[in-house]
Amino acid sequence: MFDVSALGLTCSECGTAINELPFQPTKREDGTYGNLYCYDCNKKRMRDRGPRRDFGGGRGRY
């Protein structure tokens with residue numbers, strides 16, 4: 001986990017302060033970090049997205 005507390009990041013969904021991320025955020029060309037979500041909002045977004053689809057990869061067929 002990366003300590004990002006010094007960057008003053010907040011969740012794009014609920015506004016909660018984000019102190020740790022599982023990756024090092026990088027700035028975009030416009031100087032922002034884009035949309036970042038706290039643990040709870042990210043979990044909700046993944047749940048609401050639905051199940052992952054199987055595209056048939058990895059079954060030995062090419």
Problem - Selection from Gly8, Asn35, Pro25, by position along the positive dipole direction of the range 2-49 (Cβ) - result: Asn35
Practice task
Report the GluC sites (Glu not before Pro) located in the range 13-54 that are in a DSSP loop and have at most 10 other Cβ atoms inside 10 Å of their Cβ, or state none.
Solution key: Glu29
Exercise for the section: Grab the other residues whose beta carbon is less than 14 angstrom from that of Val4, score K and R as +1, D and E as -1, and report the net. Expected result: -1
Handout entry: For the range 2-49, size of Cβ-based charge dipole, Lys and Arg +1, Asp and Glu -1, in debye
Key = 240 debye
Exercise for the section: Set the Förster distance to 22 Å, then compute FRET efficiency between Ala17 and Arg53 from the Cβ-Cβ distance, nearest 0.05. Expected result: 0.05
Handout entry: Environment charge of Ile18, counting only residues whose C-beta is closer than 13 Å and scoring Lys/Arg +1, Asp/Glu -1
Key = -4
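Bear in mind these aren't lab numbers, they're just calculated from the coordinates by the rules spelled out. Bear in mind that the values here come from a model prediction, so they are computed numbers and not experimental data. When we count neighbours, we look across all protein chains shown, and the Cβ atoms used for this are built from the backbone with ideal geometry, even at glycine.
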